[in-house]
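Enquirer: Mind having a look at this structure? Questions to follow.
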Amino acid sequence: QDNRFQAIISHAKEYGFVFPSSEIYDGLSAVYDYGPYGSELKKNIRDYWWKSMTQMHENIVGIDAAIFMHPTTWKASGHVDSFSDPMIDNKDSKKRYRVDHLIEAHADKLKEEGKEDLANSILKKLEELDAKGDLAGLKKLIDDNKIVCSISGTSNWTDIRQFNLMFKTEFGAVASDNPDDNIVYLRPETAQGIFVNFLNVQKTSRLKIPFGIAQTGKAFRNEIVARQFIFRMREFEQMEMQFFIRPGTQKEWYEYWKEERLKWHLSLGIPAEKYRYHNHTKLAHYADAALDIEYEFPIGFKEVEGIHSRTDFDLSQHQKYSGKKLTYFDNELNQHYIPYVIETSIGLDRMFLLILSHAYQEEKWVKEDGKEDSRVVLRIPAKIAPVKLAVLPLVKKDGLPEIARSIITECTPYFKCFYEEKDTIGKRYRRQDAVGTPFCVTVDHQTKEDGTVTIRYRDTMKQERIPVKEIKDKLLDLLIF
Ligand code: ATP
């Protein structure tokens, strides 16, 4: 499985999906850039989410809030005081580790050795101590089980400390006696931009509860342990939706969004058995219920999306800290109240990794002549594939390139196309398979006689002839949301 993960990372780089950031300077840990195919795929995933939220639900609208926010926002949200992970430093290697990751890695090792019960009891203890924020207890758990030695071979460690994950920077150029006056944070989640705009949006859009506000955008977390490719990054993008509801209705809306969001994932054609729900027993300070939608990545079942019942915590806090009323008047109930909130929060980069993990296949088969053949194919759902159609003239002469170009001209306004005339058709098909293009059309001499082309389907490699004039509408049918 680890090999498969490494193969996906190499493939993503080789075909222009994902590059390490500033690679000529040896990269920047847990920061990545998206290349030509990657930026198309990422945009298509974002658009697919955005459309499903704001176009397919008449009571959900979008916003695009700034990354910088008034610093009091993060006091009110609880991030200044408690958005932190317990961490520990190795004095010899100077490496910093997240305590929970260290303990989980130890438990994984025990499981591999067949010591399932011991591993589970350690994990249970971790959850208890973590929930209480008991740093001394965590240190004792580590020492008693010789956990740090088992991971790194040495035992020269600092005490455990809380490490805040927010990045700070200075704002403006005004000198101040107190340097803290100029501090702003890079937002660690997009949600707060929605909460502080709650009344602006509700009033200008004249929305009635229940309604939602959706947003996509960058978030920043100074994560301690990285090295999981784009699974855990320091700069990443979130797609979040806050759904504002009447107090007391949170259970039913939580159930609704839990199902609705899984349906969204399955609508991309990803098999249901690759997903599972994970209910949180340890709840964040703002939540009265929370679960993760997990996907079976090559590195195991891991969170891709969180559904959180956030009560009226955020709006109440912002009302308290800003001194501005953030209540809603419900004219059916003839009552003012602070709405409750159900949140759906998914990482765009993590969804991208999910799509690559699902799509990447190395295939081998025996041909009719008895010889072996193989390919690497990205079975990216057609709706979000970076390029939808490749148009390939069989030869570079006899007027075939001109016909191919005219197909491109007709289709390009509707979906992304790609033209290629170099190399054999077989090689060109392989290259399109490797970047996930779902449809290839080949223009040959017969096209000149009867106006048909060969359409070749990426997933089945089946080919059929269709009239040139049907290509655009056929693809539009196959690509519809
Ligand atoms: P984790 O437990 O993996 O750190 P979290 O529970 O802190 O994640 P949330 O705060 O609920 O995550 O964020 C919602 C979503 O944002 C996650 O489900 C994930 O898809 C994405 N996300 C969070 N942190 C990162 C990160 N460092 N890199 C990439 N995506 C992230």
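Enquirer: With r defined as the distance between the Cβ atoms of LEU118 and ASN182 and R0 fixed at 51 Å, what FRET efficiency is calculated, to the nearest 0.05? Walk me through the numbers before you get to the answer.
Expert: Numbers: r = 50 Å, r/R0 = 0.99.
FRET efficiency, LEU118 to ASN182: 0.50.
Enquirer: Still on this structure: What ranking, highest mean first, results for peptides 102-111, 421-430, 355-364 when packing means the other Cβ atoms within 10 Å averaged over each residue? Numbers along the way, then the final one.
Expert: Working: 102-111: 18.4, 421-430: 14.0, 355-364: 16.9.
Taking the mean over residues of other Cβ atoms within 10 Å, the ranking is 102-111, 355-364, 421-430.
Enquirer: Sticking with the crude label model, points 7 Å out along Cα→Cβ, report the distance from GLN228 to LYS422 in nm, one decimal please.
Expert: Taking the two extended label points, one gets 3.9 nm.
Enquirer: Okay, moving on. Quick check on the range 387-479: of the DSSP beta bridges with both residues there, what percent are antiparallel, nearest 5%?
Expert: For the range 387-479, the DSSP antiparallel bridge percentage is about 55.
Enquirer: Rounded to the nearest 500, what is the 222 nm mean residue ellipticity of the chain from helices alone, with -39500 (n - 2.57) per DSSP H run of 4+ residues and division by all residues? Provide the component values of the computation, followed by the final result.
Expert: Numbers: 17 runs with 175 residues, N = 481.
Rounded to the nearest 500, the figure is -11000 deg cm²/dmol.
Enquirer: How much of the pair distance distribution for the chain lies past 42 Å, counting alpha-carbon pairs only, in percent? Write down the numbers at each step before the final one.
Expert: On the way: 33282 of 115440 pairs.
Of all Cα-Cα pairs in the chain, 29 percent lie more than 42 Å apart.
Enquirer: Using a cut-off of 12 Å between beta-carbons, work out the net charge of the residues near HIS285 (Lys and Arg +1, Asp and Glu -1, HIS285 not included). Numbers along the way, then the final one.
Expert: On the way: positive: LYS282, ARG310; negative: ASP81, ASP288, ASP314.
Around HIS285, the charge tally is -1.
Enquirer: For the Cα atoms of the chain, what angle does the longest principal axis make with the long axis of helix 313-322, in degrees from 0 to 90, nearest 10?
Expert: Roughly 60 degrees between the two axes.
Enquirer: Quick one: which residues, 5+ away or cross-chain, put their amide H under 5 Å from the amide H of GLU237? H built at 1.01 Å from N.
Expert: It is ALA219, LEU348, ASP349, by chain and number.
Enquirer: While we're on this one: Per residue, what volume in Å³ does the convex hull of the Cα atoms of the range 279-424 enclose? Mind showing how you got there, number by number?
Expert: Numbers: hull volume 36.4 nm³, N = 146.
It comes to 249 Å³ per residue, whole-number rounded.
Enquirer: In Å and from the alpha-carbon atoms only, list the Rg and Dmax of the range 85-130.
Expert: Computed over the Cα atoms of the range 85-130, radius of gyration and Dmax are 11.8, 33 Å.
Enquirer: Please go through the residue pairs LYS208/LYS320; LYS388/LYS474; LYS115/LYS139; LYS132/LYS218 and name each one whose alpha carbons sit more than 20 Å apart in this structure. Don't jump to the answer; show the numbers that get you there.
Expert: Numbers: LYS208/LYS320 24 Å; LYS388/LYS474 12 Å; LYS115/LYS139 22 Å; LYS132/LYS218 31 Å.
Beyond 20 Å: LYS208/LYS320; LYS115/LYS139; LYS132/LYS218.
Enquirer: Please name which of ILE209, TYR337, TYR37 has its Cα lying farthest along the dipole of the chain towards the positive end, using unit charges on Cβ (Lys, Arg +1; Asp, Glu -1) and the Cα centre as origin.
Expert: The one lying farthest along the dipole's positive direction is TYR37.
Enquirer: Still on this model: Kindly work out what percent of the DSSP beta bridges joining two residues of the chain are antiparallel, to the nearest 5.
Expert: On the way: 72 of 84 bridges.
Roughly 85 percent of the beta bridges in the chain run antiparallel, per DSSP.
Enquirer: Right, another one. In nm, to one decimal, how far is the THR158 label point from the ASP92 one, both placed 7 Å along Cα→Cβ?
Expert: 1.8
Enquirer: I need the peptides 263-273, 239-249 ranked by packing, meaning the mean over residues of other C-beta atoms within 10 angstrom, with the highest value on top.
Expert: On the way: 263-273: 13.1, 239-249: 20.7.
Put in order of decreasing packing, that is 239-249, 263-273.
Enquirer: Cα centroids of the range 444-481 and the range 15-32: how far apart, whole angstrom?
Expert: 38
Enquirer: Could you tell me how many degrees, from 0 to 90 and to the nearest 10, lie between the Cα long axis of helix 400-411 and the main elongation axis, the longest principal axis, of the Cα atoms of the chain?
Expert: That helix lies at roughly 40 degrees to the long axis.
Enquirer: What ranking do 379-387, 292-300 get when scored by the average of other Cβ atoms within 10 Å per residue, highest first?
Expert: On the way: 379-387: 21.4, 292-300: 17.9.
In descending order of packing, they fall as 379-387, 292-300.
Enquirer: At q = 0.18 Å⁻¹, what log₁₀ I(q)/I(0) does the range 387-479 have when each alpha carbon counts as one equal point scatterer in the Debye sum?
Expert: So the normalised log intensities are -0.72.
Enquirer: Ok, one more. For a Förster distance of 56 Å, can you work out the FRET efficiency between the beta-carbons of SER316 and ASP473, rounded to the nearest 0.05?
Expert: So the FRET efficiency works out to roughly 0.60.
Enquirer: Quick check on the range 84-164: take the gyration tensor over C-alpha atoms, sort the square-rooted eigenvalues as a ≥ b ≥ c, and tell me if it's rounded (a/c under 1.5), prolate or oblate.
Expert: On the way: a/c = 2.03, a/b = 1.21, b/c = 1.68.
It is oblate, given that a/c is not under 1.5 and a/b is not larger than b/c.
Enquirer: Would you work out the charge dipole size for the chain about its Cα centre, treating the Cβ of every Lys and Arg as +1 and the Cβ of every Asp and Glu as -1, and quote it to the nearest 20 debye?
Expert: Working: 70 positive and 74 negative charges, 118 e Å.
Result for the chain is approximately 560 debye, rounded to the nearest 20.
Enquirer: How far is it, in nm, from the label point at LYS325 to the one at TYR457 when both lie 7 Å from their Cα along the line to the Cβ?
Expert: For the pair LYS325/TYR457, the computed spacing is 6.1 nm.
Enquirer: Out of LEU110, ILE122, TYR97, whose Cα points farthest toward the positive end of the dipole of the range 84-164 (charges: +1 Lys, Arg; -1 Asp, Glu; placed on Cβ)?
Expert: TYR97
Enquirer: What does the charge count near MET239 come to, summing +1 for each Lys or Arg and -1 for each Asp or Glu among other residues with Cβ under 13 Å from its Cβ?
Expert: -1
Enquirer: A further question follows. For the range 84-164, what is the charge dipole size about the Cα centre, in debye to the nearest 20, if Lys and Arg each add +1 at the Cβ and Asp and Glu each add -1 at the Cβ?
Expert: 320
Enquirer: May I ask for the angle, rounded to the nearest 10°, between helix 36-50 and the longest principal axis of the chain, with both axes built from Cα atoms and the value confined to 0 to 90°?
Expert: 60
Enquirer: GLU464 to ASP373: FRET efficiency via 1/(1 + (r/R0)^6), r the Cβ-Cβ distance, R0 25 Å, to the nearest 0.05?
Expert: Numbers: r = 20 Å, r/R0 = 0.82.
The computed FRET efficiency comes out at 0.75.
Enquirer: Let me ask you something else. For a paramagnetic label modelled at 7 Å from the Cα of ARG430 toward its Cβ, which residues of the range 10-39 fall within the zone defined by backbone nitrogen distances under 13 Å?
Expert: Label zone hits: none.
Every number in this text was worked out from the coordinates using simple rules, so none of it is lab data. These numbers were taken from a predicted model, which means no experiment stands behind them. Positions of Cβ are generated from backbone atoms using ideal geometry, with glycine treated the same way; all protein chains shown enter the neighbour counts.
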